[in-house]
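The values are calculated or read from the model by the stated rules, or taken from the named source; none is laboratory data. Computed from a predicted model, the values in this text were never measured in an experiment. Methodologically, a virtual Cβ is constructed for each residue, glycine included, from the backbone with ideal geometry; neighbour enumeration extends over all protein chains shown.
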Amino acid sequence: MDGSTGWGRPQGRVVLEKLVTFVESRPAQQVFRLSMKGVKRIDASFASEAIVELMRRYRSTKGICLVDLEDAEIRYNVHLAAAHVNMPVAIWNGNSVEVIGGQPSMGNREALEFALGRPQARAAEFAEKAANISIANASTKFKQLWEQGYLLRSEGAADSGGVEFVYRRIG
């Protein structure tokens, strides 16, 4: 941003272009932490164009989260913009993460909480901990969370020698 205030869709589009250029110039980087330090005020339309649209654009390919977001009004405007299009926004406060904006289905909430509670998660680990959930069901839940932008995913080797997906929180 050119200042401490982000207001309106036109200014949001300008900031989005800058952010996309920054992300595209770092193709190997998987996670981007956007600091809100020094931001005094933004409205929901700016948040929609600059922050939420950036996250939607890179959903399932790159993780983008917010840090240093302490202002309740800014947080609320980001939440409104993200909830409007059902896009989750991960916000980090120290070592803890919270998701605002879009929320997962009731059936996937337990899987998301499990994944957010650790640096990485596998379907087999979740199935072992959760009651009455098969590995296939756990895998489906994690896949849906990844597709919706709640988690990142990479391939790993399963104990059986096959491919197993590893899911990570964004941030």
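Kindly provide the set of residues from the stretch 139-162 that are under 27 Å from VAL85 (Cβ atoms) and not charged (D, E, K, R), ordered by number. Outline the logic, then answer.
Within the stretch 139-162, the subset under 27 Å from VAL85 (Cβ atoms) is 139-154.
Within the stretch 139-162, SER139, THR140, PHE142, GLN144, LEU145, TRP146, GLN148, GLY149, TYR150, LEU151, LEU152, SER154 qualify.
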Query raised in the report: Pick from the stretch 101-122 the residues that are surrounded by 11 or more Cβ atoms within 10 Å (Cβ to Cβ) and part of a loop (DSSP other than H, G, I, E, B): which of them is farthest from the chain's Cα centre (by Cα)?
Result: ARG122
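Would it be correct to say that GLY63 is surrounded by fewer than 21 Cβ atoms within 10 Å (Cβ to Cβ), in contact (Cβ under 8 Å) with a residue 12 or more places away in the chain and touching a strand residue (DSSP E or B) at 6+ places or on another chain (Cβ under 7 Å)? Let's see the steps before the verdict.
Values: surrounded by fewer than 21 Cβ atoms within 10 Å (Cβ to Cβ): no; in contact (Cβ under 8 Å) with a residue 12 or more places away in the chain: yes; touching a strand residue (DSSP E or B) at 6+ places or on another chain (Cβ under 7 Å): yes.
So GLY63 does not fit the description; no.
What tally of residues in the stretch 25-36 results from selecting those that are surrounded by fewer than 10 Cβ atoms within 10 Å (Cβ to Cβ) and charged (D, E, K, R)? It would help to see each step written out before you state the result.
Applying the first criterion (surrounded by fewer than 10 Cβ atoms within 10 Å (Cβ to Cβ)) to the stretch 25-36 yields 25, 27-28.
The next check asks that each one be charged (D, E, K, R); those that pass are none.
Of the residues in the stretch 25-36, 0 are surrounded by fewer than 10 Cβ atoms within 10 Å (Cβ to Cβ) and charged (D, E, K, R).
In the stretch 1-24, which residue that is of a type in the set (Val, Ile, Thr) and in a helix (DSSP H, G or I) is surrounded by the fewest Cβ atoms within 10 Å (Cβ to Cβ)? Show your work before the answer.
Initially, the stretch 1-24 is screened for residues of a type in the set (Val, Ile, Thr), giving 5, 14-15, 20-21, 23.
Next, from what is left, pick out any that are in a helix (DSSP H, G or I): 14-15, 20-21, 23.
On the way: VAL14: 16, VAL15: 19, VAL20: 14, THR21: 9, VAL23: 17.
Ranking the candidates gives THR21 first.
Taking the conditions exactly as written (under 19 Å from the mean Cα position of the chain (by Cα), touching a residue at least 24 places away in the same chain (Cβ under 8 Å) and closer than 24 Å to GLN148 by Cα), does ARG26 satisfy them or not? Before the answer, list the steps.
On the way: under 19 Å from the mean Cα position of the chain (by Cα): yes; touching a residue at least 24 places away in the same chain (Cβ under 8 Å): no; closer than 24 Å to GLN148 by Cα: yes.
It is false that ARG26 is under 19 Å from the mean Cα position of the chain (by Cα), touching a residue at least 24 places away in the same chain (Cβ under 8 Å) and closer than 24 Å to GLN148 by Cα.
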Report summary line: Of those in the stretch 154-171 that are β-branched (Val, Ile, Thr) and at pLDDT 95 or above, the residue nearest to ASN95 (Cα to Cα) is ILE170
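Scan GLU147, GLU98, GLU125 and give me the residue that is of a type in the set (Asp, Glu), in the same structural domain as GLU164 (by TED's automatic domain parsing) and surrounded by fewer than 15 Cβ atoms within 10 Å (Cβ to Cβ). Before you say what the answer is, go through the steps one by one.
Working: GLU98 fails: in the same structural domain as GLU164 (by TED's automatic domain parsing); GLU125 fails: surrounded by fewer than 15 Cβ atoms within 10 Å (Cβ to Cβ).
Of GLU147, GLU98, GLU125, the one residue that is of a type in the set (Asp, Glu), in the same structural domain as GLU164 (by TED's automatic domain parsing) and surrounded by fewer than 15 Cβ atoms within 10 Å (Cβ to Cβ) is GLU147.
In this structure, is GLY38 over 14 Å from ARG169 (Cα atoms), of a type in the set (Gly, Ala, Ser), out of contact with any Leu (no Cβ under 9 Å at 6 or more places or on another chain) and touching a residue at least 12 places away in the same chain (Cβ under 8 Å)?
Details: over 14 Å from ARG169 (Cα atoms): yes; of a type in the set (Gly, Ala, Ser): yes; out of contact with any Leu (no Cβ under 9 Å at 6 or more places or on another chain): yes; touching a residue at least 12 places away in the same chain (Cβ under 8 Å): yes.
Yes: the conditions hold for GLY38.
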